[in-house]
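One structure below.
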Amino acid sequence: MFFEPFSFSGLNLKNRLVRSATYEKRADDDGFVTDAIIEFYEKLARGGVGLIITGNALVHPSGRSIQNALCVHSDIYIGGLRRLSSRIHELGGIVILQIAHGGRQCFPILLGGNPPLAPSAVFEPSIKVMPKEMTDAEIWEIIDSFGDAAKRARIAGFDGVQIHGAHGYLVSEFLSPHTNRRDDYWGGDEERRSHFLEEV
């Protein structure tokens, strides 16, 4: 079963082996593709993995939660990302770019000293920081950044994108009643807490 072809969303996979998105820490300090990250994914493609999902690529500078992660928040990253997707395709692989914003789990030192953004100002015990509650304008800016990132991924030759909606990052923060205590379009009941993801 694992080695049988499988199709979904217009993608024809040669098998059901999927490399799930995990942090590879191989981009350079500014989030550009490196030879090291290409070599990392080359091994997976050569090994016959049916679908490769990259580690999270940052959709906005305010979402940097980790160092040496891929970035896709500017057109300047498209060339390197195209080099990565092209190499995987040359080896017969299919690749999806995971896109993410770290939300309140971003260390201020990675944000130029600024507090991380979140749906609500609820203390984040894992990194011991109080995030800044997002304004309506900031929410729409980040929503647009997800769309722009998906467009860049398409231009760069990726076969799709995966929206990171788990692990306490921004999307999951909007969905959670613990981290989203708003009482507007973006929060309150379950339906309103889902609006951010729906808009993305």
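The values are calculated or read from the model by the stated rules, or taken from the named source; none is laboratory data. All of these numbers come straight from a predicted model, not from anything done at the bench. So basically every Cβ, Gly included, is an ideal-geometry build from the backbone, and we count neighbours across all protein chains shown. What goes into the accessible areas is simple: the full protein's heavy atoms, side chains included, and nothing from ligands, DNA or RNA. Shrake-Rupley method; radii C 1.70, N 1.55, O 1.52, S 1.80 Å.
Solvent-accessible area assigned to carbon and sulfur over the stretch 50-200 amounts to 53 percent, based on a 1.4 Å probe. Based on the convex hull around the alpha carbon atoms, the stretch 1-95 presents an average projected area of 6.2 nm². Counting charges near S62 (Lys, Arg +1; Asp, Glu -1) among other residues having Cβ under 12 Å from its Cβ returns a value of +1. Between the helical axis of 78-90 and the longest alpha-carbon principal axis of the chain there is an angle of about 40 degrees. For L17, the shell of other residues with beta-carbons less than 14 Å away shows a net charge of +4, using +1 for Lys and Arg and -1 for Asp and Glu. Accessible surface ranking for D29, D136, 1.4 angstrom probe, highest first: D29, D136. Among the lysines of the chain, pairs that are 8 or more positions apart or on different chains and have alpha carbons within less than 27 Å of each other number 7. May I ask for the angle, rounded to the nearest 10°, between helix 136-155 and the longest principal axis of the chain, with both axes built from Cα atoms and the value confined to 0 to 90°? Relative to the chain, helix 136-155 is tipped by roughly 0 degrees. Each 10 Å bin, from zero up to the one with the longest distance, holds this percent of the alpha carbon pairs of the stretch 74-171: 15, 38, 29, 16, 2. Antiparallel beta bridges, as assigned by DSSP with both residues in the chain, represent about 25 percent of the total such bridges. Distance from the alpha carbon centroid of the stretch 26-67 to that of the stretch 100-128 works out to 22 angstrom.
Where only DSSP H runs of four or more residues are counted, the chain gives -9000 deg cm²/dmol as its mean residue ellipticity at 222 nm, each run worth -39500 (n - 2.57). Only one residue of Q98, G63, A150 has its Cα farthest out toward the positive end of the dipole of the chain, where Lys and Arg carry +1 and Asp and Glu -1 on Cβ, and that residue is Q98.
Work through the residues other than P5 whose Cβ is under 15 Å from its Cβ and net out their charges, Lys, Arg +1 and Asp, Glu -1.
+1
Based on protein heavy atoms only, the chain ends up with 48 Å² per residue of surface accessible to a 1.4 Å probe.
Dipole check for the chain: with +1 at the C-beta of Lys and Arg, -1 at the C-beta of Asp and Glu, and the Cα centre as origin, the magnitude is about 740 Debye. Dipole of the stretch 1-128 computed with +1 at Lys/Arg Cβ and -1 at Asp/Glu Cβ about the Cα centre; of P115, H73, V18, farthest Cα towards the positive end is V18. The angle between the Cα long axis of helix 35-46 and the longest principal axis of the Cα atoms of the chain comes to about 60 degrees, rounded to the nearest 10.
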